[in-house]
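Presented below is the structure to which this report refers.
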Amino acid sequence: MSLWHIAWSYLWNRKLTTALTILSVALGVGLIVSVLTLREETQRRFEQEGQAFDLVVGAKGNPLQLVLSTVYFLDVPTGNIRKDILDALRDMEDVEAAYPVAMGDTYRGFRIIGTVPDLMRFQPGGSQPYALAEGRYWERPMEAVIGAQVAEASGLRIGDTFKSTHGFIQVPGADEHEEQYTVVGILRRSGTPNDRAIFCGIESVWDLHAHHDEEHEAGHEHHHPEDEVTAVLVKLASPALRFEYRDRINRNFNAMAAIPIQEIQKLYEQLLGTAKAVLLAIGYLVVVISAMSILIGLYMAILQRRRDLAIMRALGATRGEIFGSVLIEAFWVTLLGIAAGQALGMLVCAALGRYLTQRLGFHLSAVVWSPDLVSALSAVLLMGMLAGILPAWQAYRTDVARDLAEP
Amino acid sequence: MVTLKNVTRRLGPGVMFHCPDFHADAGARVALWGPSGCGKSTLLNLISGLLRPDAGEIIVDGVDIAKLSEAQLDGFRGERFGFIFQTFNLLAPFTALQNVMIGMRFADVVPPREWRDRAEFMLRRVGLEHRLHARPGTLSVGERQRVAIARALVNRPRVIAADEPTGSLDPKSAAAVMDLLLELCEEERVTLLLVTHDRALADRLPSQFSCHDLVKEAES
């Protein structure tokens, strides 16, 4: 029969009020958990992808657009650059690898990326984002390797054929190429943008567009004659060389170099940073309101059971024990609210994670115990305890004789 | 056992409680009787330390409780006193057994490992062995007062402070509860101070203390 048990019994005795108070805490905590987890996870995954390549070199324009289009397959490329830039990059002393990519077509909205077979052997940080689940890599023109999500969404299997659509945006009556790709391999799910990409030899893209340009006299914005590529993904001998090489390339070539990780961090700071701050502020506001509901709920409960407190005092309970038992009630409510909120946050993250997996190809874990999250939950617990102080003080000041005498 | 000398307490604007002299021996059973508002409950509250006197001495079991600190008084009350109220004052969220155990939880007299056995013993003693896990809301008023008696006696107190203990009971239940209370006080050799406005009930106890002149208009 500890104070913990006594406090719990009083909470249990008013189940509905307690459940509603816990729910209000859980809503605030759930929002905070969701925002922090999603921010941590998306930033981590974006940065992980951004770290894979030290530089992206493409047509002059917006560097963020260049990075999003070539590393994350999210935006329209900035244009094409001459292939001799690729050769020049490969000749630079600290360039360990330079992978050309050529884009221009899609299949059911999934982007087709023409590149070199070497990229399929690239293992950034020991990971294997291009590992095969089945089949083999392309060996001849018009052979394709598809990402796990492409296979899942399209139902394509090894040996199946498909026709690509010209352009990046799916519109009715889009210009479809006559030539067919044959699926020769399916990538293992990596939780990266590769899951929703289709890879093939760069020659396939060039051939298709050379053919396409012959048919359309006016040519096209995304034509790929053999002397052009969309971008070059560059791996340097050391990440420390990124800034130096970016500046050198921007100075000496008719192209633009961008550092993926830097662009992504800028994106987070400028756009998502503000969104995160706003959502977190809303989360904390909900928690403050929850703390107020704990305060009001407990205060009303104390007023209703003044006689019970007086009885306990008559039985020998000290003022400290009465104060402590009420504070423990606040602790229970807050703790259960945090636990329920954590569960709610995980559900939201799991649901949003599924959406992001489909939209971005990023597989997010629903539970991430970041230092920010631990600090936030500690702050919520502290707020709940602070909310318990006023009712506990009210209980502490119990006038035993008066409260026992009241009918 | 219990002695009051010149105890005064201001009850409100122009209203003063004054008890010049009161004494009850150990094991005595005294009825504090008088009409409503005469000050008998105030006297009981002062003796049991629920109220502090403005002046005078209150000696209980050799200790002047007026001189005890708040924390000392809490401990003293828990150890030496058992309370029985007109409205039973059981704690609604707890079972009969738990209500009796709570009496021991705050008093610090019985070791925790003995709480359950002692509480069960007391409930058996008041005839409620079949209602150990019943909550107050499911007990009859007579049963509730029996639980209250068990709780009051569970710490083997020196004094039972009973304020109109039969006031909410029908005559038959009241008689049964009084019989039980007197029997247990005799058995446990505990001093019983019983507040009542009922002269017939007061006459059932060996001693009576009239409270008619305890509350007076304050002298200007």
> Would you call A:SER34 of a type in the set (Gly, Ala, Ser), open to solvent by 20 Å² or more (accessible area, probe 1.4 Å) and in contact with a helix residue (DSSP H, G or I) (Cβ under 8 Å, 6 or more places away or on another chain)?
Replying inline: no
> Residues in the range A:30-70 that are touching an Asp or Glu at 6+ places or on another chain (Cβ under 9 Å), among the hydrophobic types (A, V, I, L, M, F, W, C) and at pLDDT 85 or above: how many?
Replying inline: 5
>> Tell me the residue from B:SER140, B:SER69 that is of a type in the set (S, T, N, Q) and away from chain A (no Cβ under 13 Å), please.
In response: B:SER140
> Is it fair to say A:ILE32 is within 14 Å of chain B (Cβ to nearest Cβ), out of contact with any strand residue (DSSP E or B) (no Cβ under 8 Å at 6 or more places or on another chain) and either part of a helix (DSSP H, G or I) or of a type in the set (A, V, I, L, M) (or both)?
Replying inline: no
>> Suppose we filter the range B:102-121 for residues that are buried (at least 22 other Cβ atoms within 10 Å of the Cβ) and under 14 Å from B:ALA150 (Cα atoms); how many remain?
In response: 4
> For residues in the range B:127-174 being touching a strand residue (DSSP E or B) at 6+ places or on another chain (Cβ under 7 Å) and in a helix (DSSP H, G or I), which is surrounded by the fewest Cβ atoms within 10 Å (Cβ to Cβ)?
Replying inline: B:LEU153
>> Six or more apart or on different chains, Cβ atoms under 8 Å: show the pairs whose first residue is in the range A:390-404 and modelled with pLDDT of 80 or more and whose second is assigned to a helix (DSSP H, G or I) and polar (S, T, N, Q).
In response: A:ALA395/A:SER325
> Inside the range A:89-132, can you point out the residues that are closer than 27 Å to A:GLU152 by Cα and β-branched (Val, Ile, Thr)?
Replying inline: A:VAL101, A:THR106, A:ILE112, A:ILE113, A:THR115, A:VAL116
> Being surrounded by fewer than 24 Cβ atoms within 10 Å (Cβ to Cβ) and either within 12 Å of another protein chain (Cβ to nearest Cβ) or part of a helix (DSSP H, G or I) (or both), is that true of even one residue in the range B:57-66?
Replying inline: yes
> Quick one: how many residues across the range A:15-24 are open to solvent by 50 Å² or more (accessible area, probe 1.4 Å) and within 14 Å of chain B (Cβ to nearest Cβ)?
Replying inline: 2
> Would you call A:THR78 within 14 Å of another protein chain (Cβ to nearest Cβ), crowded, with 17+ Cβ neighbours inside 10 Å and in contact with a Leu (Cβ under 7 Å, 6 or more places away or on another chain)?
Replying inline: no
> Quick check: anything in the range A:287-307 in contact with a strand residue (DSSP E or B) (Cβ under 9 Å, 6 or more places away or on another chain) and either more than 8 Å from chain B (Cβ to nearest Cβ) or assigned to a helix (DSSP H, G or I) (or both)?
Replying inline: no
>> Considering only the range A:369-383, I want to know if a residue exists there that is in contact (Cβ under 8 Å) with a residue 12 or more places away in the chain, assigned to a loop (DSSP other than H, G, I, E, B) and away from every other protein chain (no Cβ under 14 Å).
In response: yes
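Quick grid of which residues meet (1) open to solvent by 10 Å² or more (accessible area, probe 1.4 Å); (2) away from chain B (no Cβ under 14 Å):
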| site | (1), (2) |
| --- | --- |
| A:TRP12 | yes, no |
| A:ALA26 | no, yes |
| A:GLU41 | no, yes |
| A:ARG90 | yes, yes |
| A:ARG108 | yes, yes |
> Are any residues in the range B:85-100 more than 9 Å from every other protein chain (Cβ to nearest Cβ) and either part of a loop (DSSP other than H, G, I, E, B) or open to solvent by 20 Å² or more (accessible area, probe 1.4 Å) (or both), and if so, which ones?
Replying inline: B:GLN86, B:PHE88, B:THR95
> From the list B:GLY103, B:GLY78, which one is assigned to a helix (DSSP H, G or I), within 11 Å of chain A (Cβ to nearest Cβ) and touching a Phe, Trp or Tyr at 6+ places or on another chain (Cβ under 6 Å)?
Replying inline: B:GLY78
>> For the range A:27-58, give me each residue that is among the small types (Gly, Ala, Ser) and over 22 Å from the mean Cα position of the chain (by Cα).
In response: A:GLY58
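The values are calculated or read from the model by the stated rules, or taken from the named source; none is laboratory data. Computed from a predicted model, the values in this text were never measured in an experiment. Here Cβ is always computed from backbone atoms with ideal geometry, including for glycine, and neighbour counts include all displayed protein chains. Just the protein is used for accessible areas: all its heavy atoms, side chains included, with ligands, DNA and RNA removed. Shrake-Rupley method; radii C 1.70, N 1.55, O 1.52, S 1.80 Å.
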